[in-house]
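This report refers to the structure that appears directly beneath it.
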Amino acid sequence: MANDPEQPPQYTRYRARARLSPGRGEEDLREGRRAQAPNGARRGGRRGGGPRFGGGWRDLRAWSKPKRIALTLVSLVVAWLALSLVLFLISSHFERTPLPADVASVLDPAGYPLTSANNILVLGSDRRQQNSKEPGAETSGFGRSDTIMLIRTGGGHAARLSIPRDTIIEIPGHGLQKVNAAHEFGGPALSVSVIEHWLDIPINHVVEVNFENFPQLIDAMGGVTYSGGCIVSNLDGGSADGGFTLRLSAGTHHLDGKQALALARTRKNLCAPQETDIQREEHQQALFTDMKHQLLSPSSFLRLPWIAWHAPPAIISDMSGTELLGMFAALAATGTPPTRVLLPTGQTILPSGEEGLTISEEARRADVARFMSG
């Protein structure tokens, strides 16, 4: 029907939805949903329950946040350890110097160093570096062994026994000599054979310290700490001959790589001329102990990739990279054994006029028995 032009137009009226008051939008919306919800429906719009819309999901996210942080930290730690492991194995393959081939024939077989007891002979040669300016310095050949230490580790064992380098023993083909001369005559292979026969124990592996790369390892660790009496010594002829002079007053000192090397190789302590080879062995064991403590410190974890890279070049060994890892893990897993030195019971004069130390068979057997039971 046509609209009557005399009548006013007709309009349909619609009621607008109530406006949300400022600051209460979410609350007003929930009130409207509750009003429209069918009977029996739970808050949140689900008959079976479940998380609420107001704060439930936010509460769940807040509750899982510590877990996410912990998972991230664990992932970073695992990645850091994996990186260090890969760097160690790569360095072991490309940067490590192998021992002479004849060493393998004189070693006794043993299980994996982490799970089985292993006797490891640690040697350090007094051979000078090629660029040494020390008059009369020996820069070729094997050199005499400045350091002679036995380590028993793996399978829960932990023992160390230092052998004074001036100890007199019988060296086949050379008669009575100082034990450190075996390395000069026949390298690590003859040292192993002589010490095995003399102590009547099996030697499973050899670790020879590469003094050229040893300072870099100590520096990668952040240095080591020495506590003791005054030490003044000249390494490779001292500073005057292009070497290094170590000066330490009595007390505690933090040593860098060059200082640690000088301490390990100190033969004559000018600050205490009365010291014997026994004190020298004790200094070396104290240095070895602090290296272990430093490796297990929290600060070393941050340095771990650098330590992993510099450790293999500082070691000359018959062990593979995985065996070296087993040895380090075994050393870290066990406590620190007491410092033990094969103590001499007398002195003698060699035909050359040199003075040497003698050890009775009874004393030797007693020290060896303690070492093997450690």
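The values are calculated or read from the model by the stated rules, or taken from the named source; none is laboratory data. For clarity, every value in this text was computed on a predicted model and none was experimentally measured. Positions of Cβ are generated from backbone atoms using ideal geometry, with glycine treated the same way; all protein chains shown enter the neighbour counts. Keep in mind that these areas ignore ligands, DNA and RNA; they rest on the heavy atoms of the full protein, side chains included. Shrake-Rupley method; radii C 1.70, N 1.55, O 1.52, S 1.80 Å.
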Worksheet item: Can you tell me how many residues in region 180-197 are touching a helix residue (DSSP H, G or I) at 6+ places or on another chain (Cβ under 7 Å) and closer than 21 Å to E354 by Cα?
Response: 4
Worksheet item: Does at least one position in region 332-349 carry a residue that is part of a helix (DSSP H, G or I) and at pLDDT below 95?
Response: yes
Item to complete: Tell me, yes or no, whether region 87-97 has at least one residue that is more than 21 Å from G143 (Cα to Cα), open to solvent by 80 Å² or more (accessible area, probe 1.4 Å) and of a type in the set (A, V, I, L, M, F, W, C).
Response: yes
Item to complete: For residues that are out of contact with any strand residue (DSSP E or B) (no Cβ under 8 Å at 6 or more places or on another chain) and in a helix (DSSP H, G or I), scanning just region 268-285, find the one that is most open to solvent (accessible area, probe 1.4 Å).
Response: Q279
Discussion item. The conditions are (1) surrounded by 10 or more Cβ atoms within 10 Å (Cβ to Cβ); (2) within 22 Å of the chain's Cα centre (by Cα); (3) without any contact (Cβ under 8 Å) to a residue 60 or more places away in the chain, and L83 fails exactly one of them. Which is it?
Written reply: (3)
Item to complete: Test A369 against the stated conditions and say whether it is open to solvent by 40 Å² or more (accessible area, probe 1.4 Å) and modelled with pLDDT of 95 or more.
Response: yes
Fill in: First in region 255-271 and modelled with pLDDT under 90, second anywhere and among the aliphatic types (A, V, I, L, M) and part of a helix (DSSP H, G or I), Cβ under 6 Å, 6 or more apart
A264/L287
Discussion item. Considering only residues that are more than 16 Å from E170 (Cβ to Cβ) and surrounded by 13 or more Cβ atoms within 10 Å (Cβ to Cβ), which ones fall in region 346-364?
Written reply: A363
Worksheet item: Which one of I316, I218, I307 is part of a strand (DSSP E or B), under 30 Å from T115 (Cα atoms), open to solvent by less than 50 Å² (accessible area, probe 1.4 Å) and among the aliphatic types (A, V, I, L, M)?
Response: I316
Worksheet, complete the sentence: Just one listed residue, out of F301, F288, is within 12 Å of the chain's Cα centre (by Cα), more than 16 Å from I218 (Cβ to Cβ) and assigned to a helix (DSSP H, G or I), and it is F301
Practice prompt. Sort out which residues of region 189-207 are in contact with a His (Cβ under 9 Å, 6 or more places away or on another chain) and not aliphatic (A, V, I, L, M), and write them in order of number.
Written response: S191
Discussion item. Condition first: closer than 15 Å to D102 by Cβ and touching a strand residue (DSSP E or B) at 6+ places or on another chain (Cβ under 8 Å). Now tell me which residues in region 170-189 satisfy that.
Written reply: A182, H183, F185, P188
Discussion item. Taking the criterion of being open to solvent by 30 Å² or more (accessible area, probe 1.4 Å) and at pLDDT below 95, would at least one residue in region 107-127 satisfy it?
Written reply: yes
Item to complete: Identify all residues within region 233-267 that are in a helix (DSSP H, G or I) and open to solvent by 70 Å² or more (accessible area, probe 1.4 Å); write none if there are none.
Response: S239, A240, K258
Worksheet item: Given the structure, is L302 open to solvent by 30 Å² or more (accessible area, probe 1.4 Å) and modelled with pLDDT of 90 or more?
Response: yes
